[in-house]
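Taking it in order: structure first as structure tokens, then the write-up.
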Amino acid sequence: MTTSLASPQPGTLPEPPRKTVVFEDVSIAYDNRPVLDGVSFTLERGETKALFGVAGSGKTVILKLALGLIKPDSGRIFVLGTEVSATRERNLFEVRRKIGMVFQESALFDSLTVEGNVGFRLFEEHCPIEEIHERVVEALRFVELEHTVDLFPAELSGGMRRRVAIARAIITKPEVLLYDSPTGGLDPVTSTTIIELLVKQRDVYKTSALLVTHRLQDAFTMADHRFDRELNRMVPVTGGAASNLHTRFLVLRDAKKIFEGTAAELVASNDEYIKEYLS
Amino acid sequence: MRLFSPIEWAKESVMAVQDYSLLAWRSLTNLFRHPRYWADILQQADLIGVGSLPIVVLTGFFTGAVLALQSANSLARFGALSFTGQLVSLSMVRELGPVLTGLMVAGRNASGMASELGSMKVTEQIDAMRALGTDPSKKLVTPRVVSSVVMLFFLTIISDLVGLAGGSMVSTLMLRLDLNQYWTSAWQSLAFEDVFMGLIKPVFFGFIIATIGCHYGLRAKGGTQGVGRATTQAVVAASVIILVVNFFITRFLMAFFPMQ
Ligand SMILES: Nc1ncnc2c1ncn2[C@@H]1O[C@H](COP(=O)(O)OP(=O)(O)OP(=O)(O)O)[C@@H](O)[C@H]1O
Ligand SMILES: [Mg+2]
């Protein structure tokens with residue numbers, strides 16, 4: 001499952017759009033200060049793109065733009081074939097159901113239990129209660145939190161909340177996942193667990209993802225590990241180039257995209273800023 | 001600190017009014033669109049209706065009682081004490097029942113909605129809901145509007161009745177009026193237009209309470225302090241708008257049903 005290349009292959013199945021997220025020259029400013037200035041990139045199907053940048057460089061803004069939660073000042077954004085930047089809120093809910101988002105602060109509904117949160121989409125779709133319960137437990141097992149079903153978010157630790165948020169995002173197996181700093185402020189052990197989850201999501205379910213992170217190490221782990229279904233954990237990639245794993249990097253600086261490419265290209269970059277960032 | 005700029009302020013006010021109009025309009029059109037949230041409507045109805053019952057009963061009762069006291073005082077000067085029932089019932093049904101119930105429920109529920117939705121807004125739960133593919137105007141606003149309108153309608157009827165009862169207690173126990181006479185005069189004085197006016201008002205007031213409460217909640221920004229601000233503003237705005245709209249409804253209906 002790790003052999004296909006990130007670049008589009010001719011002759012593959014006539015899948016729906018190969019490009020899941022497309023940013024075309026997107027700009028947005030807050031209080032006359034540009035936050036994104038002419039940013040363009042493409043997220044291929046099955047690819048994970050790690051977004052880097054210092055605090056306040058507009059990473060969260062990119063994810064919110066992709067969901068259509070905010071609109072750009074100029075430029076166009078396509079997600080799964082829908083131009084979200086030009087679609088009315090009322091018509092966006094359809095495409096949003098195919099996207100999972102993990103918010104930076106988890107954003108769990110604090111008056112609903114973990115089951116209510118994780119199963120929110122299923123409750124909305126009026127699935128039978130037993131089926132919802134089953135799928136909620138399954139999703140929670142994925143994040144190793146099945147014992148928390150009846151707890152309220154306030155009764156969970158920060159890391160547990162983050163994992164519940166991940167379960168909520170993945171329960172309907174969305175085609176695109178947006179992770180906003182899923183490991184932010186967590187200990188190394190929990191961080192590794194979460195990264196393992198993302199690798200699993202990428203390799204087992206072939207989801208496309210935008211991953212915002214402050215920890216370079218997380219993205220490098222994603223780039224050189226693959227998920228082994230037999231062992232049920234991620235294992236380092238041996239032999240072939242790490243970039244085979246559909247993980248690419250994008251670096252933002254001063255409202256502009258200054259780098260986009262594979263792990264190897266990032267390490268080899270001559271840009272002073274990136275060198276400093278990597279050190 | 002930024003300087004106060006009248007243009008900026010005007011722009012923001014226009015935006016706010018536009019936002020509000022859109023929200024109010026959507027809360028109504030959502031009624032004709034799927035999905036509809038019956039469970040949320042019932043839950044809100046319980047919160048607004050049952051929860052407000054005690055204060056509505058108390059305010060209604062004492063308003064009716066004090067109306068009887070005051071009107072008896074004035075009427076006695078003209079030797080028209082027997083009109084007490086009529087004065088209490090007309091004032092209660094046409095004005096004080098709807099307005100006081102509206103103000104009480106505004107204080108209780110417009111603030112509740114603003115703080116609940118405001119907290120959800122500042123903790124990104126509203127964004128999370130949109131991200132999950134659920135329209136907050138359908139899931140949060142419309143159920144609140146529907147249950148406010150329906151519940152305020154019935155609360156107003158209860159308030160009117162309890163007010164009349166309060167008036168009757170004062171009239172018979174303190175003023176030594178005849179109970180039968182009180183109720184007959186109270187009942188017979190009510191014409192169709194009085195009841196109509198008294199029952200159309202809560203429909204508007206309920207709509208104002210819910211839409212204003214949700215509007216301020218959904219616009220909250222700036223953390224917990226922002227939520228507090230939104231809550232206060234919602235109660236003030238809802239109360240003032242209720243009083244203003246009350247004047248115009250009364251004026252309009254009076255023109256519609258001229259005095260016989
Ligand atoms: N709603 C908003 N109103 C005003 N400014 C905003 C708003 N949202 C974002 N910004 C500004 O946009 C810039 C980028 O914010 P963003 O949240 O995307 O940063 P980030 O890259 O996610 O940072 P972090 O790594 O700390 O999460 C910040 O300077 C912020 O002040
Ligand atoms: Mg952020």
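Data overview
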item: 222 nm mean residue ellipticity, helices alone, for chain A (DSSP H n ≥ 4; -39,500 (n - 2.57); rounded to 500); result: -9500 deg cm²/dmol
item: Chain A - percent relative contact order, Cα under 8 Å, separation 6 or more; result: 23 percent
item: Farthest toward positive dipole pole in chain A [+1 Lys/Arg, -1 Asp/Glu at C-beta], among A:Ala165, A:Ser57, A:Pro236; result: A:Ser57
item: Of the trypsin sites (Lys or Arg not before Pro) in the stretch B:153-260, those whose Cβ has at most 13 other Cβ within 10 Å and which sit in DSSP loop; result: B:Arg176, B:Lys221
item: Three semi-axes of the equivalent ellipsoid, the stretch A:111-213, Cα gyration tensor, whole Å, largest first; result: 21, 17, 11
item: Cα centroid of the stretch A:16-44 to Cα centroid of the stretch A:58-95, whole Å; result: 9 Å
item: For chain A, diffusion coefficient by Stokes-Einstein and Kirkwood Rh (Cα), 25 °C, 0.890 mPa s, µm²/s; result: 127 µm²/s
item: Share of Cα-Cα pairs in the stretch B:183-260 lying beyond 14 Å, as whole percent; result: 68 percent
item: The stretch B:143-239: radius of gyration over Cα atoms, expressed as a fraction of 2.2 N^0.38 Å; result: 1.53
item: Accessible area (Å², 1.4 Å probe, nearest 10) - B:Arg94; result: 50 Å²
item: B:Ser119 accessible area, assembled protein chains, probe 1.4 Å, Å²; result: 50 Å²
item: Rg and Dmax [Cα atoms of the stretch A:107-168; Å; Rg one decimal, Dmax integer]; result: 10.4, 30
item: Loop sites in the stretch B:54-131: chymotrypsin sites (Phe, Trp or Tyr not before Pro), DSSP, at most 11 other Cβ within 10 Å; result: B:Phe78
item: Solvent-accessible surface ranking, highest first, for B:Leu152, B:Leu100 at 1.4 angstrom; result: B:Leu100, B:Leu152
item: Gaussian network model of chain A, springs between alpha carbon atoms under 10 Å - residue of A:Thr207, A:Thr48, A:Thr193 with greatest fluctuation; result: A:Thr193
item: Student exercise, the stretch A:38-170 dipole from Lys, Arg, Asp, Glu Cβ charges, in Debye to nearest 20; result: 720 debye
item: In Å, descending, principal axis extents of the Cα set of the protein assembly as shown; result: 107, 54, 42
item: Cα point-scatterer Debye curve for the stretch B:38-256, base-10 log of I(q)/I(0) at q = 0.17 Å⁻¹; result: -1.06
item: Among the listed pairs A:Lys49/B:Lys139; A:Lys49/A:Lys71; A:Lys64/A:Lys200, those beyond 28 Å (Cα-Cα); result: A:Lys49/B:Lys139
item: Span-like helix ranges in chain B, DSSP H, alpha carbon extent 27 angstrom or more, Kyte mean at least 0.0; result: B:6-29, B:51-77, B:142-169, B:192-218, B:223-256
item: About the Cα centre, charge dipole magnitude for chain A (Lys/Arg +1, Asp/Glu -1 at Cβ), debye; result: 480 debye
item: Positive-end residue of B:Ala39, B:Ser111, B:Ala191, charge dipole of the protein assembly as shown with Cβ unit charges; result: B:Ala191
item: Estimated dipole of the stretch A:128-248 in Debye, rounded to 20 [Cβ of Lys and Arg +1, of Asp and Glu -1, Cα centre]; result: 420 debye
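The values are calculated or read from the model by the stated rules, or taken from the named source; none is laboratory data. All values derive from a computational prediction rather than experimental measurement. Virtual Cβ from ideal backbone geometry, glycine too; neighbours counted across all protein chains shown. Surface accessibility is based on the protein's heavy atoms, side chains included, excluding ligands, DNA and RNA. Shrake-Rupley method; radii C 1.70, N 1.55, O 1.52, S 1.80 Å.
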